[in-house]
1. Please state which of the following conditions Thr116 fails to meet, knowing it meets all the rest: (1) hydroxyl-bearing (Ser, Thr, Tyr); (2) surrounded by 22 or more Cβ atoms within 10 Å (Cβ to Cβ); (3) in contact with a helix residue (DSSP H, G or I) (Cβ under 8 Å, 6 or more places away or on another chain).
2. Please state which one of Thr34, Thr2, Thr29 is polar (S, T, N, Q) and either within 17 Å of the chain's Cα centre (by Cα) or within 22 Å of His130 (Cα to Cα) (or both).
3. Just checking, which of Ser171, Ser127, Ser166 is touching an Asp or Glu at 6+ places or on another chain (Cβ under 8 Å), of a type in the set (S, T, N, Q) and assigned to a loop (DSSP other than H, G, I, E, B)?
4. Of all residues being in a strand (DSSP E or B) and in contact with a helix residue (DSSP H, G or I) (Cβ under 8 Å, 6 or more places away or on another chain) in segment 1-24, which is farthest from Asn258 (Cα to Cα)? Just the residue, please.
5. I'd like the residue in segment 71-117 that is in a helix (DSSP H, G or I) and under 15 Å from the mean Cα position of the chain (by Cα) and, out of all such residues, is nearest to Ala193 (Cα to Cα).
6. Among the residues of segment 242-269 satisfying the criterion of being in a helix (DSSP H, G or I) and in contact with an Asp or Glu (Cβ under 7 Å, 6 or more places away or on another chain), which is surrounded by the fewest Cβ atoms within 10 Å (Cβ to Cβ)?
7. Filter segment 157-169 down to the residues that are surrounded by 19 or more Cβ atoms within 10 Å (Cβ to Cβ) and either in contact with a Phe, Trp or Tyr (Cβ under 8 Å, 6 or more places away or on another chain) or at pLDDT 95 or above (or both) and list them by number.
Amino acid sequence: MTNKLAIIGGSGLYDVEEFKDREFLDIKTSWGSTSDKILKTKYNDKEVYFLPRHGRGHYISPSKINFRANIDALKQLGVSDIVSISAVGSLKENLPPGKFVIVDQFIDWTFARNKTFFDEEIVAHVSMAHPTSNGLMNACEESIKKSDIDYQRGGTYLVMEGPQFSTLAESNLYRNWKADVIGMTNMPEAKLAREAEIRYASVSMVTDYDCWHPDHENVNVQKVIKVLLENAAKAKDMIKNLIDCYEKSIEPNDPANNCLDVAIITAPEKRTEKTKNKLKFIAGRVLGK
């Protein structure tokens, strides 16, 4: 299998001078349209894809992102590994704005999103015990170190519905749950990547202290954007390092590898051709499509 890396994140992350060959792909899916056209480019002779999660110009609200179309399109392109890069709020004193967190756990607190490809006729239950790829996390850590970025390896990302920021009571509740960062975008993205048997890792870029910190004012977009732009410059350097090193970190026993072998519970005679065709890119390997 040829390994291919995709970066899902802000639209500015692919504005890297070294990315010379650029092709924008409009991929059709059974789930509708992707957030935007997918950039296909090369760096050091390695093919890589970029997908702006909110669309170029940031016009798609977190609850309206078509996560299923995004993951299906990347699967069609042969993507084997996804690294998500997201802006988050900090729920810990030791995670100040500007610090990166390599996330290894999630609390999915969203409620208004389509969270599975298997919602009609064919039922599958994939394990999310370890939702991120250890090998990809190793590659992210190596890349962050090379870029001399302050970071933390390991952390829990609480995914809220949004688009509003937290109330003070909510922020304190999440801190009591021992979550490290809070954001609006990594779920159901991580769940869908697992259903598609794509390895997934998440790098969170802290932009603010949410609203719990007594020494910092309430979150506002202007301050978030200021730190976000500073973080984006670091992230671009990290991405170049990541493209170079991620393949050597792939682990043969990654939980995403062939996870559908033990996930689909629906009897074969109940699996209609219509639904198997709909799932042909996501689960064709196990459905015989």
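1. Every listed condition holds for Thr116 apart from (2).
2. Values: Thr2 fails: either within 17 Å of the chain's Cα centre (by Cα) or within 22 Å of His130 (Cα to Cα) (or both); Thr29 fails: either within 17 Å of the chain's Cα centre (by Cα) or within 22 Å of His130 (Cα to Cα) (or both).
Within the list Thr34, Thr2, Thr29, the selection yields Thr34.
3. Numbers: Ser171 fails: assigned to a loop (DSSP other than H, G, I, E, B); Ser127 fails: touching an Asp or Glu at 6+ places or on another chain (Cβ under 8 Å).
Among Ser171, Ser127, Ser166, only Ser166 is touching an Asp or Glu at 6+ places or on another chain (Cβ under 8 Å), of a type in the set (S, T, N, Q) and assigned to a loop (DSSP other than H, G, I, E, B).
4. Going residue by residue through segment 1-24, those that are in a strand (DSSP E or B) are 5-9, 22-24.
From what is left, the residues that are in contact with a helix residue (DSSP H, G or I) (Cβ under 8 Å, 6 or more places away or on another chain) are 5-9.
Values: Leu5: 18, Ala6: 19, Ile7: 22, Ile8: 22, Gly9: 26 Å.
Here the residue is Gly9.
5. Keep residues of segment 71-117 that are in a helix (DSSP H, G or I), which gives 71-76.
Going one step further and asking which of them are under 15 Å from the mean Cα position of the chain (by Cα), we end up with 71-75.
Details: Ile71: 6, Asp72: 9, Ala73: 11, Leu74: 10, Lys75: 9 Å.
So, considering only residues that are in a helix (DSSP H, G or I) and under 15 Å from the mean Cα position of the chain (by Cα), the one nearest to Ala193 (Cα to Cα) is Ile71.
6. Quick first cut of segment 242-269, residues in a helix (DSSP H, G or I) only: 242-249, 259-262, 268-269.
Of the ones still in play, those that are also in contact with an Asp or Glu (Cβ under 7 Å, 6 or more places away or on another chain) are 245-246, 259-260.
On the way: Cys245: 15, Tyr246: 26, Cys259: 18, Leu260: 21.
Among those residues, the one meeting the criterion is Cys245.
7. Tyr157, Leu158, Val159, Met160, Ser166, listed by residue number.
The values are calculated or read from the model by the stated rules, or taken from the named source; none is laboratory data. Keep in mind the model is a prediction, meaning the values are calculated, not measured. For neighbour counting, all protein chains shown are included, and Cβ atoms are generated from backbone atoms with ideal geometry for every residue, glycine included.
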